[in-house]
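First up is the structure itself, then whatever we jot down about it.
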Amino acid sequence: MRNNKSQPTLCPSNEKEQNTITTVIRKRRSIFADAFIKKEIPKNTLEEILTNATWAPTHKMTEPWRFIVFKEDYLKKLGYYMSEYYKDYYAEKLSKDEAVKKHRFLLEYPLNAACVIGLILVRNSKINLPEWEEIAAISSAVQNMALTCTAHNLGSYWSTSQSDIDYVKTMGLKDNEKSLGLFYIGHFDHVNHISKKKRTALNQKVTWLT
């Protein structure tokens, strides 16, 4: 007897796409702002980075994120905020000369970034999901941003220093919002930047049950 049940259509694997995504994932590194070279990025590239962030998996489609893009004068304000934030701390921990150098370093630290993005967790007031699920969603969004930056040969990293978390708070967050720090984006010297970081072998991290 003939089986009229329709068979599922499987999408054939695309070797080129597989190689591309693997390359981008393994090429991604955290590139810190003191390694950035001052240069702007096109607005459409920045919009692509942010749009890709919103395509992260999100339970019940709560989309628990909001972003603030800091550029130009706001980078100067961020540097000033950080330098003042840690001024007393380094005055106690370091010699006077070292404290002055650290103060200047923090003052200038964000200036070569193309932009810095404030990361805000937005809890849904109608759908009560565990906070860890919402943080997992925005973490996935940040990873999408990092991978998109890598695909565009841009450096990036997620900073969760207390000063960066508190700087975002100064932008006026709502009761259901929480600062998760800043995401720095910038150009860098690909030739002379060498990362020696490695990953633990797979057989030390995976258990196969068959």
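General remarks:
- Under the Karplus curve 6.51 cos²θ - 1.76 cosθ + 1.60, θ = phi - 60°, whole-Hz ³J(HN,Hα) for the range 160-169, x wherever Gly or Pro sits: 10, 5, 5, 5, 5, 4, 6, 4, 4, 4
- A simple charge model with +1 on the Cβ of Lys and Arg, -1 on the Cβ of Asp and Glu and nothing else charged puts the dipole of the chain at about 700 debye relative to its Cα centre.
- Neighbourhood net charge (12 Å Cβ-Cβ; Lys/Arg +1, Asp/Glu -1) for TYR167: -1
- Each principal axis of the Cα cloud of the range 1-91 was taken in turn, and the coordinate range along them, longest first, works out to 85, 32, 28 Å.
- The alpha-carbon of LYS71 sits under 29 angstrom from the alpha-carbons of these lysines, leaving out residues fewer than 8 places away in its chain: LYS27, LYS38, LYS39, LYS43, LYS87, LYS101, LYS102, LYS169, LYS174, LYS178.
- Within the same chain, aspartates and glutamates fewer than 8 places from LYS126 are excluded, and of the rest, those with a Cα less than 17 Å from its Cα are GLU63, GLU134, ASP175, GLU177.
- Averaging Cα coordinates gives a centre for the range 76-132 and one for the range 181-210; these two points are 24 Å apart.
- Phi angles of the range 96-111 translate, via the Karplus equation with coefficients 6.51, -1.76, 1.60 and θ = phi - 60°, into HN-Hα couplings of 4, 5, 5, 5, 5, 4, 5, 4, 5, 4, 5, 4, 9, 3, x, 5 Hz per residue; Gly and Pro are given as x.
- Each of ALA113, THR200, ILE41 was scored by the projection of its Cα onto the charge dipole of the chain, and the greatest displacement toward the positive side belongs to THR200; charges sit on the C-beta of Lys, Arg, Asp and Glu.
- Cα-projected label distance for GLU17 with TYR89, points at 7 Å along beta-carbon direction, nm: 4.5 nm
- In the range 149-210, trypsin sites (Lys or Arg not before Pro) in a DSSP loop with at most 15 other beta-carbon atoms within 10 Å: LYS174, LYS196, LYS197, LYS198, ARG199, LYS205
- Relative to the longest principal axis of the Cα atoms of the chain, the long axis of helix 131-151 lies at roughly 90 degrees.
- Difference of contour (0.36 nm per residue) and Cα-Cα distance, LYS43 to THR200: 52.8 nm
- Among the listed values [x] 31, 22, 13; [y] 37, 23, 18; [z] 27, 22, 16, the one matching semi-axes √(5λ) of the Cα gyration tensor in Å as calculated from this structure is [y].
- Most mobile listed residue (THR200, THR170, THR20) in the chain, GNM with C-alpha springs under 10 Å: THR200
- The range 25-94: GluC sites (Glu not before Pro) in DSSP coil with no more than 16 other Cβ atoms inside 10 Å: GLU40, GLU72
- Here the chain exposes an accessible surface that is 53 percent carbon and sulfur, computed with a 1.4 Å probe and the other protein chains kept in place.
The values are calculated or read from the model by the stated rules, or taken from the named source; none is laboratory data. Note that the structure is predicted; figures quoted are calculated from it, not measured. Because the Cβ atoms are built from the backbone with ideal geometry, glycine has one as well, and the counts that use them run over all protein chains shown. Note: areas computed on protein heavy atoms with side chains; ligands, DNA, RNA excluded. Shrake-Rupley method; radii C 1.70, N 1.55, O 1.52, S 1.80 Å.
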